[in-house]
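S.K.: Sharing a structure with you now.
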Amino acid sequence: QLQQELGREPSMDEIAREMGISVERVSEIARIAPEPLSLETPIGEEDDSHLADFIQDQEATSPDEAASKLILREKINDVLNTLTERERDVLRMRFGLDDGYPRTLEEVGRYFKVTRERIRQIEAKALKKLRHPQRSRRLKDYVE
């Protein structure tokens, strides 16, 4: 705001006077909070790369991680395919395997038009089957 009023970069004295603080305090704040740096800042001699090119996206999935997730999903599907269709669908809905949204016993029961107790029984039976060594060893590498 002060820069717009003056039409130039304000001095430390002008900033201190405007804010009602000492010049020393303005200097201290300027040291602590340096000027923001644009991600579009050119890096190198050619101006063909920018600062953003060298900053890792913490949200991005690495290729290794993406491949591991894909393999795990395939193995989970293989193991689930050893169950009955109803058991498989109940587990998919209860644990949100298809859409990431786990459903309650009540919601799954409404979908299948049975009681939540019946869904609990189907889920328990399916999980018991999955714990069998013949099925569970396929996923052992992914259990922490």
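Throughout, read-outs are computed from the coordinates displayed, never taken from laboratory work. Note that the coordinates shown come from a computational prediction; the quantities given were computed from them, not determined experimentally. Here the Cβ positions follow ideal geometry from the backbone for every residue, glycine too, while neighbour counts run over all protein chains shown.
S.K.: Compute the length gained on full extension between ARG131 and SER22: take 0.36 nm times their separation in residues and subtract their Cα-Cα distance, giving the result in nm to one decimal.
M.R.: 32.3 nm
S.K.: Let's test the formula: R0 of 35 Å, r as the Cβ-Cβ distance of ALA67 and GLN121. What FRET efficiency results, to the nearest 0.05?
M.R.: FRET efficiency, ALA67 to GLN121: 0.40.
S.K.: With the crude spin-label approximation of a point 7 Å out along Cα→Cβ, what separation in nm comes out for SER38 versus PHE95?
M.R.: In this crude spin-label approximation the distance works out to 4.9 nm.
S.K.: What are the ³J(HN,Hα) couplings of region 65-81, residue after residue, when phi is run through the Karplus curve with 6.51, -1.76, 1.60 and θ = phi - 60°? Round to Hz, x for glycine and proline.
M.R.: Here the 3J(HN,Hα) series is 5, 4, 5, 4, 5, 5, 5, 4, 4, 5, 5, 4, 4, 4, 5, 5, 5 Hz.
S.K.: Dividing the Cα convex hull volume of the chain by residue count, how many Å³ per residue is that? Please list the in-between numbers first.
M.R.: Numbers: hull volume 39.3 nm³, N = 144.
For the chain, the hull spanned by Cα atoms encloses 273 Å³ per residue.
S.K.: Could I ask something else about it? Calculate one ³J(HN,Hα) per residue across region 91-105 by plugging θ = phi - 60° into the Karplus curve 6.51 cos²θ - 1.76 cosθ + 1.60, and present them in order as whole Hz with x for glycine and proline.
M.R.: Karplus-based 3J(HN,Hα) across region 91-105 equals 5, 4, 6, 4, 9, x, 5, 8, 10, x, 10, x, 9, 7, 4 Hz.
S.K.: On to the next question. Return the sequence-ordered ³J(HN,Hα) values of region 107-120 in whole Hz as given by the Karplus equation 6.51 cos²θ - 1.76 cosθ + 1.60 applied to θ = phi - 60°, using x for Gly and Pro.
M.R.: Whole-Hz 3J(HN,Hα) from phi for region 107-120: 5, 5, x, 4, 4, 8, 6, 9, 6, 5, 5, 5, 5, 4.
S.K.: So what is the relative contact order for region 1-139, in percent, with contacts set as C-alpha pairs under 8 Å and at least six apart? Could you put the intermediate results ahead of the total?
M.R.: Numbers: 81 pairs, mean separation 17.5, N = 139.
This gives 13 percent for region 1-139.
S.K.: How far, in nm, would the chain grow between SER49 and PHE112 when pulled straight, counting 0.36 nm per residue and subtracting the alpha carbon separation? Walk me through the numbers on the way to the answer.
M.R.: Details: separation 63, 0.36 × 63 = 22.68 nm, distance 5.60 nm.
Gain in length upon complete extension: 17.1 nm.
S.K.: Rounded to the nearest 0.05, what FRET efficiency do GLN3 and ALA60 give with R0 = 30 Å and r taken as the Cβ-Cβ distance? Could you check?
M.R.: For GLN3 and ALA60, the calculated efficiency is 0.25.
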